[in-house]
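Engineer: Take a look at this one; I'll ask things after.
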Amino acid sequence: MSEASVSGLLFIVVAPSGAGKTTLVRRLIARTPDLALSISCTTRPPRPGEVDGHDYHFMDEARFDAMRKAGDFLEWAKVHGNYYGTSRRWITGQWAMGRDVLLEIDWQGAAQARGMFPDAIGIFILPPSLEALAERLRGRGTDDAAVIERRLAAAHEEIRHVDDCAYAIMNADLDTAYAQLASIVAASRLTLSCQRRRHPEYFERFFPSL
Ligand code: 5GP
């Protein structure tokens, strides 16, 4: 069976840092059954409060490189000077267990993942404005000024790739943005092909010719 024919949806959420993506995604994962968040591998050092195996699999460049060369990554990219990658085997494992998978990755990785899985559902989270984005990045207090400036410049670049995604959410209000994100997931799960995959006995019984 090819990877692309393994059942399960692949959601790819892209946003510049500071757009509120992590908060939205964590809430979605907590409230949505059978939706698993991929935990990326990264060479970035942990921020205060981040836990290995929960926020990221933190590793040095040598280990990341070995995994990359072994073909372990579905996609990988260098973002803000650090490497990030998504485990290919973990995703197919989740699908095999009947779960859908959500990736929270940058636009370069999203393009690679989409190349591999053209049915992946791209969702771009936009900040209400660039001023609001700068405000949020400064307010977070976890990165120094140089890092924030670099991330702001990267945000301009990232936002240029909004049209790679089928969906765009403007995160001016967290509850509204969350409801919109949840509705994209819910609607995606209700397509006929998805319903057929989730309820094969039903469709075979009533619509054997479908
Ligand atoms: P942060 O270091 O702030 O957690 O993430 C920085 C950027 O790296 C974000 O845009 C985030 O979406 C992206 N990122 C996180 N994990 C991955 C991954 O596995 N692959 C790719 N391509 N980007 C990732």
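The values are calculated or read from the model by the stated rules, or taken from the named source; none is laboratory data. Everything numeric here is computed off the predicted structure, so don't read it as measured data. Glycine gets a Cβ as well: all are built from the backbone with ideal geometry, and neighbour counts include every protein chain shown. Quick note on the areas: whole protein, heavy atoms, side chains included, nothing else; ligands and nucleic acids left out. Shrake-Rupley method; radii C 1.70, N 1.55, O 1.52, S 1.80 Å.
Engineer: Kindly indicate whether residue 160 is touching a residue at least 40 places away in the same chain (Cβ under 8 Å) and open to solvent by 20 Å² or more (accessible area, probe 1.4 Å).
Structural biologist: Answer is no for this residue.
Let's see how each residue does on (1) within 25 Å of residue 159 (Cα to Cα); (2) part of a helix (DSSP H, G or I); (3) in contact with a strand residue (DSSP E or B) (Cβ under 8 Å, 6 or more places away or on another chain):
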| site | (1), (2), (3) |
| --- | --- |
| 25 | yes, yes, yes |
| 28 | yes, yes, yes |
| 44 | yes, no, yes |
| 50 | no, no, yes |
| 66 | no, yes, no |
| 86 | yes, no, yes |
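Engineer: Please go through the range 58-113 and give me each residue that is charged (D, E, K, R) and over 16 Å from residue 15 (Cα atoms), ordered by number.
Structural biologist: Those that are charged (D, E, K, R) and over 16 Å from residue 15 (Cα atoms): 60, 61, 63, 65, 68, 69, 72, 75, 88, 89, 99, 100.
Engineer: Same structure again: On the given criteria, is residue 137 of a type outside the set (Val, Ile, Thr), under 21 Å from residue 173 (Cα atoms) and open to solvent by 60 Å² or more (accessible area, probe 1.4 Å)?
Structural biologist: No: the conditions fail for residue 137.
Engineer: Something else now. Restricting to the range 7-33, name every residue that is surrounded by fewer than 13 Cβ atoms within 10 Å (Cβ to Cβ) and either under 10 Å from the mean Cα position of the chain (by Cα) or more than 13 Å from the ligand (Cβ to nearest atom) (or both).
Structural biologist: Selection gives 30, 31, 33.
Engineer: I would also like to ask the following. In the range 66-94, which residues are within 15 Å of the ligand (Cβ to nearest atom) and of a type in the set (D, E, K, R)?
Structural biologist: Once the filter is applied, which keeps residues that are within 15 Å of the ligand (Cβ to nearest atom) and of a type in the set (D, E, K, R), the range 66-94 yields 68, 72, 75, 78, 88, 89.
Engineer: Any chance the range 41-57 includes a residue that's open to solvent by 70 Å² or more (accessible area, probe 1.4 Å) and either closer than 28 Å to residue 197 by Cβ or of a type in the set (Lys, Arg) (or both)?
Structural biologist: no
Engineer: Could you figure out which of (1) surrounded by fewer than 16 Cβ atoms within 10 Å (Cβ to Cβ); (2) in contact (Cβ under 8 Å) with a residue 40 or more places away in the chain isn't true of residue 86?
Structural biologist: Condition not satisfied by residue 86: (1).
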